[in-house]
Each structure stands twice: as structure tokens, then as C-alpha cells.
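Undergrad: My questions all concern the structure below.
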Amino acid sequence: MGKRNCSIIFSFILVFIIFLEVQAEQTKLSAHQIIERMGETYRKCLSYQDSGVIQKTPINPSNEQVVQKPFKTYFARPNLFCFEWKEKFPQKEETLLYVVWHNGKETYTYWELGKFEKINTLEQAIVANSGVSSGGISTVPLMLINQERSFILKSLIDEILVREDVIDGVKCYVIQAKHEKLGREVELWIGKGDFLLRKLKRNLFSEAISEEIHKNIKLDHKISKEIFNFKPPLRTKK
């Protein structure tokens, strides 16, 4: 094969590689499109379950200690739901359990402090416990139950895809954004292959940094109905 033919083949290969790179660049998803795909994934799933932890780290460590809240989420359509979390108090060396569940007909909340009560609707229970759960009960659950009230899907602005990262072996898009009303900075780690939220990082103004990590995620797996019928201890007061 002559030098001229080799040069032609090499030029062809080079042009083809450039063409593929241009095509790949054109098909890249924007930050907004990635978030939309995430919403679609949660909206279409038949069931969802995960476990994880929310860690609140004070910006000034001398003011308060790091707080950790392990949690578990269970959901099955059309409206079976259970979210439980534990709040650890290192200074008191104790852990308290909190549970919110909907059995398809009725909604209840339970606090290990010794009380459980019936709530009118599941959404009311989620809103009422959003603060005490450090937002965990509303982050993924609202993307499953009522996306119109999901701050991730409806209240973020200035979304930017900043890099890629790996969380527990899962390749993720990392997106920076701001909460439209609160002005808080938010970072999202969304799986590249499944478009599921793996990590949420929030700046709680000048007070602390909140990191919410989701692990052991299962979609469309059968969940025992007993999960959605939590039984409080007999001595618990209504």
C-alpha cells in the first residue's frame, strides 16, 4: 500500500473520529434534562425502596455536633408508603426512632418518645415531618407521590452540570443549582445509567452543610405489605 493511500485512510479515520466526537457532544444531556429524566424515572416506577443517611455538619464545629439520621424508604403504587428514620444524639448516647406510614387507607406517625397519631393525609404527614427528618421524608418521597410539590423538580434554578463522580460504585452526573425561593445552594448526584438520586448536598445558609445519601436502591421489587402496617409498641400513647 502506497504512502498516498495510507494518508487517505488516516485522514478518513481522523475525520470519522471527529464526527463521532461532535455527535457525542450534541447528544449530551443538559442539567435540566437530566433532572427531568430523573423525575420521569420516579414517576414511572411501580415500587421503590432504599436506605441511607442524612448528615448535618455545622460550619462552626464549636457551636454544635455532627448529627446523623439513618433512614429507610418504602413505596408501592398506588399509595403504600413508609419512611422511618433514627436520630442519633451522641451527647446523650441514645437513638430515637420516627416512622410515618400510609397503609393505603390511613396515615400515621410514630415517635419513639412515646406517641403516635393519625394524620388526615399522607402529604400532610410528609410536610409536618420534613423539618424533624432534615428534609429526608420529602426529598425522594415527593418525587414518587406528588411531583408538583418536589423542590428538586419544581424549585431549582441555574442548574449546571459541573462534573461526573462515583458514589458507591455508581457513575453520577453532578449538578449544581439554587433553590429559587430560599436561595440555598444545592448539589445533586444523579446516576448516569438509572437517573436515580444518589446524593443531595445542601447549604443550610451559614449554619451547616446537609448531605443526604441514598443506598441499596431497588425499583419495582415486591415489598411486604407488613412494611406499610407498622405496629407501635403497646405502651405507646395516642
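The values are calculated or read from the model by the stated rules, or taken from the named source; none is laboratory data. The structure displayed is predicted, hence computed values, not measured ones. FYI the Cβ positions are ideal-geometry reconstructions off the backbone, even for glycines, and counts take in every protein chain you see.
Undergrad: Check off (1) buried (at least 16 other Cβ atoms within 10 Å of the Cβ); (2) closer than 30 Å to Lys115 by Cβ for Glu207 and give me the number that stays unchecked.
TA: Single failed check for Glu207: (1).
Undergrad: For Tyr42, all conditions in the list (1) over 14 Å from Val99 (Cα atoms); (2) crowded, with 19+ Cβ neighbours inside 10 Å; (3) touching a strand residue (DSSP E or B) at 6+ places or on another chain (Cβ under 6 Å); (4) not acidic (Asp, Glu) hold save one; what is the number of the exception?
TA: (3)
Undergrad: Show the residue pairs meeting these rules: Cβ distance below 8 Å; 6+ apart or different chains; first residue within the range 196-225 and in a loop (DSSP other than H, G, I, E, B); second residue at pLDDT below 95 and not charged (D, E, K, R).
TA: Going by the 8 Å Cβ cut-off, the qualifying pairs are Ser206/Ile59; Glu207/Pro58; Glu207/Ile59.
Undergrad: Within the range 148-182, how many residues turn out to be assigned to a loop (DSSP other than H, G, I, E, B), small (Gly, Ala, Ser) and on the phi < 0 side of the Ramachandran plot?
TA: Result for the range 148-182: 2.
Undergrad: Give the residues of the range 66-116 that are β-branched (Val, Ile, Thr), closer than 30 Å to Glu207 by Cβ and assigned to a strand (DSSP E or B), sorted by residue number. Steps first, answer last, please.
TA: Applying the first criterion (β-branched (Val, Ile, Thr)) to the range 66-116 yields 66-67, 73, 95, 99-100, 107, 109.
Okay, now just the ones that are also closer than 30 Å to Glu207 by Cβ, so 66-67, 73, 95, 99-100, 109.
Residues satisfying the conditions are Val67, Thr73, Thr95, Val99, Val100, Thr109.
Undergrad: Find the residue count for the range 84-100, including only residues that are out of contact with any Asp or Glu (no Cβ under 8 Å at 6 or more places or on another chain) and at pLDDT 95 or above.
TA: 2
Undergrad: Would you confirm whether any residue within the range 182-191 is more than 30 Å from Gln65 (Cα to Cα), modelled with pLDDT of 95 or more and under 13 Å from the mean Cα position of the chain (by Cα)?
TA: yes
Undergrad: Tell me yes or no: at least one residue of the range 47-64 is touching a residue at least 40 places away in the same chain (Cβ under 8 Å), in contact with a Phe, Trp or Tyr (Cβ under 8 Å, 6 or more places away or on another chain), in a strand (DSSP E or B) and surrounded by fewer than 17 Cβ atoms within 10 Å (Cβ to Cβ).
TA: Scanning the range 47-64 turns up at least one residue that is touching a residue at least 40 places away in the same chain (Cβ under 8 Å), in contact with a Phe, Trp or Tyr (Cβ under 8 Å, 6 or more places away or on another chain), in a strand (DSSP E or B) and surrounded by fewer than 17 Cβ atoms within 10 Å (Cβ to Cβ).
Undergrad: Across the range 117-145, what is the number of residues that are assigned to a loop (DSSP other than H, G, I, E, B) and in contact with a helix residue (DSSP H, G or I) (Cβ under 6 Å, 6 or more places away or on another chain)?
TA: Qualifying residue count, the range 117-145: 2.
Undergrad: Given the conditions (1) more than 23 Å from Arg77 (Cα to Cα); (2) at pLDDT below 95; (3) buried (at least 19 other Cβ atoms within 10 Å of the Cβ), and given that Leu200 satisfies all but one, which numbered condition is not satisfied?
TA: Of everything listed in (1) more than 23 Å from Arg77 (Cα to Cα); (2) at pLDDT below 95; (3) buried (at least 19 other Cβ atoms within 10 Å of the Cβ), Leu200 misses just condition (2).
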